[in-house]
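> Structure provided below as structure tokens; questions to follow.
The values are calculated or read from the model by the stated rules, or taken from the named source; none is laboratory data. Values in this document were obtained by computation on a predicted structure and should not be read as measured data. So basically every Cβ, Gly included, is an ideal-geometry build from the backbone, and we count neighbours across all protein chains shown. These area figures cover heavy atoms from the full protein model, side chains too; ligands, DNA and RNA do not enter into them. Shrake-Rupley method; radii C 1.70, N 1.55, O 1.52, S 1.80 Å.
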Amino acid sequence: MKGTIAQCLSDLVIKIAGEPVWRGILKTSGLPEDRSFTMNETIDDAAVMTVVKNTCDALNITLAQAADAFGDYWMNEYAPAKYPLFFKKNHSAREFLLDVSKIHDYMTRSMPGAQPPEFAGEWENPNSLVLHYRSQRGLIDFVVGLVKGTAKKYGETVTVEKLSDTTVKVIFPAD
């Protein structure tokens, strides 16, 4: 996993709980308390997931709650500041969600060693998008959180339903 994910998590935890809590999470995860992450470094997936689990424990939240908070923070604060170009061409949650695979393709070219998930969108009807998620990481809860964060970013209200470990349904309001 790329360091930008861990860096975002670090920023989020420090923002909501403070640096001492983040340092404790790192220590509990077997990492140095002063460990920082750089955007392009590659970090072992298991190490990041240990940090995520310990974050949930430290903040007394579920994985789904952590994923929602991460998705909101990523889409509304972190990514727009770090990757503003990706937000200039899309003007709605629909456009952005359909562009995610292209964004990941670009990131793969610009970040050596990146292994982002793949997404394929399938319209059930004009207001219902089924997103198929392909990744060995199994982070479907984070997909749900990121979709919710995307809707918030574009000021839209959607219903997000996890259908399986690889599929999320997004229902947009009728036009």
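> For residues that are surrounded by 13 or more Cβ atoms within 10 Å (Cβ to Cβ) and among the hydroxyl-bearing types (S, T, Y), tally how many sit in the stretch 25-38.
2
> Scan L98, L131, L85 and give me the residue that is open to solvent by less than 70 Å² (accessible area, probe 1.4 Å) and either at pLDDT below 95 or under 15 Å from the mean Cα position of the chain (by Cα) (or both).
Result: L131 is the single residue among L98, L131, L85 that is open to solvent by less than 70 Å² (accessible area, probe 1.4 Å) and either at pLDDT below 95 or under 15 Å from the mean Cα position of the chain (by Cα) (or both).
> Now for a separate question. If you scan the stretch 39-67, which residues turn out to be closer than 16 Å to T4 by Cα, open to solvent by less than 80 Å² (accessible area, probe 1.4 Å) and part of a loop (DSSP other than H, G, I, E, B)?
Listed by number, the residues that qualify are M39, E41, I43.
> Then there is this: Hey, among F172, F119, F70, F142, which residue is in contact with a helix residue (DSSP H, G or I) (Cβ under 8 Å, 6 or more places away or on another chain) and modelled with pLDDT under 90?
The unique qualifying residue is F119.
> May I ask you to list pairs of residues, at least six apart or on different chains, whose Cβ atoms are under 7 Å apart, with the first in the stretch 16-39 being within 15 Å of A58 (Cβ to Cβ) and touching a residue at least 12 places away in the same chain (Cβ under 8 Å) and the second being exposed (fewer than 15 other Cβ atoms within 10 Å of the Cβ) and acidic (D, E)?
L26/E33
> So, one more: Find the residue count for the stretch 111-152, including only residues that are of a type in the set (A, V, I, L, M) and outside any strand (DSSP E or B).
9
> Report yes if S36 is more than 22 Å from Y133 (Cβ to Cβ), within 14 Å of the chain's Cα centre (by Cα), modelled with pLDDT of 90 or more and hydroxyl-bearing (S, T, Y), otherwise no.
Taking the combined requirement at face value, the residue does not satisfy it.
> Quick check on the stretch 153-164: of everything there that is outside any loop (DSSP other than H, G, I, E, B) and in contact (Cβ under 8 Å) with a residue 12 or more places away in the chain, which residue is least open to solvent (accessible area, probe 1.4 Å)?
The residue in question is V160.
> Moving on. For a quick check of your reading of the model, give me the residue pairs whose first member lies in the stretch 53-82 and is closer than 23 Å to G24 by Cβ, whose second is not in a helix (DSSP H, G or I), with beta-carbon atoms closer than 7 Å and at least 6 apart or on different chains.
Close Cβ pairs (under 7 Å, with a partner that is not in a helix (DSSP H, G or I)) amount to N54/S29; C56/T62.
> Okay, moving on. State the number of residues belonging to the stretch 1-20 that are farther than 13 Å from F70 by Cα and exposed (fewer than 15 other Cβ atoms within 10 Å of the Cβ).
Number satisfying all stated conditions: 3.
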